[in-house]
Amino acid sequence: MTTGIRLLAAVATALLGLGTLLACGSGDGQAPRTTASTDAFPVTLKHKLGSTTITAPPKRIVALSAADQDALLALGVQPIAMVRMDGHPDGITPWAKAKLGGATPTLLVPGDNGFDPEQVLKLEPDLILANFDAGLDKYWSKLNAIVPTTGYETGSYQDSWQQVTRQVGRAIGRKALADQVIGEAEARIAGVRKTNPELTGKRFGYFVAGQAGTVHLLKSTEDTATKLLGEFGLVLPENIRAQPGGTFAVELSAEKFDLLDQDVLLSYYANEQQRDAVEQNPLFRKLAVVRKGGNLTLALPEFHSIRAPSPLSIPYAIDKLVPMLSAAVQKPAA
């Protein structure tokens, strides 16, 4: 199963309720960072699955999700192993590659039921970061009994990128640096509203293609992607939020495509067959947002950058996606 498909499955399972960066580097004007662990150990982290105690600064860290590995890399630490992101060159997102600096960590591939604990333990880690591992509840106890293993604080795929970054910062003894990294990313987000006021108040729809020409339209303001888009100034309209069924999204067949007709429409397709099944449908093509060219089909890096926001992917989204959003909302009606 490719990472693109796995990510869609994770969205469907954990986020959509369907039965389920350019690196954030030390840019101009930013204070220089230390990469040394400065916090005292042991450190105990409490989360939904229990508690994790790290007795000494970790040196061999395995990251079982993109969110965890991005937070770790943003804090100046390279994992010995991390998740392979299929669909990206070398299995690594562009923002992570920029931080790896030529390092080649082992790339792990989860199966349908998550990661193989034995495979992870063979790497002899002294810390496992697993906040955004969708299958974590199945094997957290086994891992944590042998190696300190983190877990989600709010729920599977529900912790904010700030929560993940702070948790990783505490786990590796860099709490103050985590706060700095978060502040820098939040400043970039706040800057979008100042430099792109045309986005404020504009209605958006965002869907992931399903099977047989259906789409899964995000409806929750608590979703990680809709939160970030909202911080850019966009608004998830009431007629989407009020849709019955599902917690995070609603599945739409073609006769309900009118809900997609907003000021800007974002979409992600796992393959061209999915795209053709939706975009060649006459009911989709007649939408005003489509006729004016306000529909944005996201490439995989753009999709990942807002699907699982991180201190590294957020600047990427701002640099790549915000100009696209700006152009789309300013296009005149057809």
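Values quoted throughout were computed directly from the atomic coordinates according to the rules given, and no laboratory measurement underlies them. Just so you know, these numbers come straight off a predicted model, no measurement behind them. No Cβ is skipped: glycine too gets one built from the backbone with ideal geometry, and neighbour counts run over all protein chains shown.
Below are the figures for this structure:
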| item | result |
| --- | --- |
| Gain upon complete extension [residue 254, residue 142; 0.36 nm per residue less C-alpha separation] | 35.8 nm |
| Dipole of the chain [Lys/Arg +1, Asp/Glu -1 at C-beta], most positive-end residue of 81, 280, 95 | 95 |
| Inverse of mean 1/r across different Cα pairs in the chain, Kirkwood, Å | 20.4 Å |
| Neighbourhood charge, 11 Å Cβ-Cβ cut-off, centred on residue 107 and excluding it, Lys, Arg +1 and Asp, Glu -1 | -1 |
| Those lysines that a straight Cα-Cα span of less than 22 Å connects to residue 202, excepting residues fewer than 8 apart in one chain | 194, 219, 227, 256, 286, 292, 320, 331 |
| Selected from 134, 117, 72, residue furthest toward positive end of dipole (the chain; charges at beta carbon) | 72 |
| Cross-link partners of residue 48 among lysines (Cα-Cα below 17 Å; sequence separation of 8 or more within a chain) | 138, 142 |
| For segment 272-334 and segment 64-104, distance of Cα centres in Å | 25 Å |
| Amide H contacts of residue 127 (H built 1.01 Å from N, under 5 Å, at least 5 apart or other chain) | 60, 62 |
| Surrounding net charge for residue 333, when Lys and Arg each add one and Asp and Glu each subtract one, Cβ distance under 10 Å | +3 |
| Cβ-based exposure ranking for 55, 247, in which fewest neighbours within 10 Å come first | 55, 247 |
| Sequence-distant residues sharing a close amide H with residue 235 (under 5 Å, placed H) | 201, 202, 203, 204 |
| Sequence-distant residues sharing a close amide H with residue 221 (under 5 Å, placed H) | none |
| Cβ-placed point charges (K, R +1; D, E -1), dipole of the chain about Cα centre in debye, nearest 20 | 400 debye |
| Three-way shape label, segment 80-149, alpha-carbon gyration tensor, a/c 1.5 | prolate |
| For segment 180-185, 3J(HN,Hα) per residue [Karplus equation, 6.51 cos²θ - 1.76 cosθ + 1.60, θ = phi - 60°, Hz, x = Gly/Pro] | 5, 4, 4, x, 5, 5 |
